Amino acid sequence: MAFLKRNWVWSMLAILFFLGAAYWLIGKIQYRNNVMDVEDYEPISTLKVPAHKLTRAKFPFIDVHNHQWTMPIQDLDKLIVEMDSLNMGVMVNLSGFRGKYLEWSLDNVNEHYPNRFILFLNINFENLDDEGWPNETLVMMDEAVKQGVCGLKVYKGLGLTDKDNEGNRIAIDDPRLDPIWAKCGALGIPVLIHSGEPSSFWNPKDKYNERWLELKQEPGRYRDPAKVPPFEQLMGEQHHVFRKHPETKFINAHLGWFGNDLERLGTLFDELPNVYTELGAVLAELGRQPKTARNFLIKYQDRVMFGKDTYKMEEYYTYFRVLETSDEYFDYYRKRHAHWKMYGLELPDSVLRKVYYKNALTVIPGIDKSLFGE
């Protein structure tokens with residue numbers, strides 16, 4: 001009898017446990033069904049404030065950071081129509097490459113729109129141990145400038161993934177590269193250099209990382225500290241190059257990855273008068289700190305240029321709105337870069353003109369100044 005009672009009690013407890021677990025699980029499922037991923041959450045703001053959605057820049061501008069990957073064979077007519085609608089006077093194609101590709105790109109531009117496009121040269125830094133380095137590359141740079149090239153673009157592979165013949169990482173300030181930087185200064189062409197990535201790419205991929213969504217969607221952008229140098233080391237190598245070559249002008253791409261620390265970028269400007277920057281793909285950093293960013297751009301109005309990076313016509317509209325208006329609380333165009341809202345800086349016209357075109361005219365040779373009333 002006692003055995004039956006014990007079995008009955010254990011059976012009842014098991015049933016109650018099962019029912020409780022089922023109830024808890026059903027609750028979890030119901031809760032989950034009412035929870036969406038942050039990637040899907042797109043609330044429509046109920047805020048009623050003035051909005052000025054711009055599709056055309058107030059002044060003609062020079063995009064100093066663009067990539068047109070098929071320029072040797074590209075039909076430029078459609079691109080020019082879009083540029084005209086945006087009020088883009090000149091586009092700088094940083095992906096000029098070298099050799100025949102560069103020659104064909106220049107031919108296409110010169111045949112159709114010689115005053116609307118500027119090309120930069122790209123070189124292979126992994127050749128630095130080959131016989132003929134650096135003389136062959138220096139000759140190539142001479143010839144490229146004679147053909148019409150107006151600058152050198154350095155990709156982020158230098159410092160991160162480029163290796164010498166021994167399989168060692170090539171540091172940005174490797175002394176074997178000094179002749180290249182010096183040659184740019186001698187030729188009077190700037191170096192637009194992209195070094196490193198946003199510092200958050202080195203941080204743990206957890207709930208505290210403001211780039212978590214980008215790292216989730218683009219996992220290859222995570223920088224494993226066990227595989228690549230720390231962020232601060234890369235910045236130190238880059239700044240060392242700037243200091244070693246004061247006669248060369250450097251355009252430090254993407255606000256030098258200091259868009260989240262404008263005071264530090266200002267300190268760099270104060271120390272190094274040969275350093276400039278541009279806004280490609282980092283406008284969101286300015287749009288979330290309108291007071292600080294506005295003050296910064298006014299103070300360093302001679303050092304910042306307009307840049308966009310990836311070309312998509314509609315995305316320029318957000319640039320115009322941030323730089324020109326006083327609008328509040330509006331969306332950036334790419335959520336993984338900015339899950340926060342944008343605010344307009346309402347820059348003075350005198351500053352806008354410098355950011356849009358005057359600074360580029362000062363730094364980049366070969367641009368037709370008449371397009372900008374200069």
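Read-outs: derived from the displayed coordinates by stated rules, not from any lab. Bear in mind the structure is a predicted one, so any value in this text is a computation, not a measurement. FYI the Cβ positions are ideal-geometry reconstructions off the backbone, even for glycines, and counts take in every protein chain you see.
Just a few scattered comments:
- Sparsely packed loop sites in region 201-274 (the GluC sites (Glu not before Pro) outside DSSP H, G, I, E and B with at most 11 other Cβ atoms within 10 Å) comprise 247.
- Just so you know, the Rg over Rh for the chain is 1.13, from Cα atoms, with Rh as the Kirkwood radius.
- Distance violations [Cα-Cα > 20 Å] among 78/312; 156/335; 58/358: 156/335
- Restricting the GluC sites (Glu not before Pro) of region 106-178 to loop positions (DSSP other than H, G, I, E, B) with no more than 12 neighbouring Cβ atoms within 10 Å leaves 131, 166.
- Annotation note: chymotrypsin sites (Phe, Trp or Tyr not before Pro) in region 193-284 located in DSSP loop regions with a Cβ neighbour count of at most 16 within 10 Å are 208.
- Computed [θ] at 222 nm, helices only, for the chain once each DSSP H run of length n ≥ 4 contributes -39500 (n - 2.57): -12000 deg cm²/dmol
- For the chain: relative contact order, % (alpha-carbon pairs under 8 angstrom, 6 or more apart): 18 percent
- Cross-link partners for residue 341 among the lysines, with Cα-Cα distance under 18 Å and sequence neighbours closer than 8 places in the same chain left out: 48, 53, 291.
- Shape call, region 210-348: gyration tensor on alpha carbons, a/c limit 1.5: oblate
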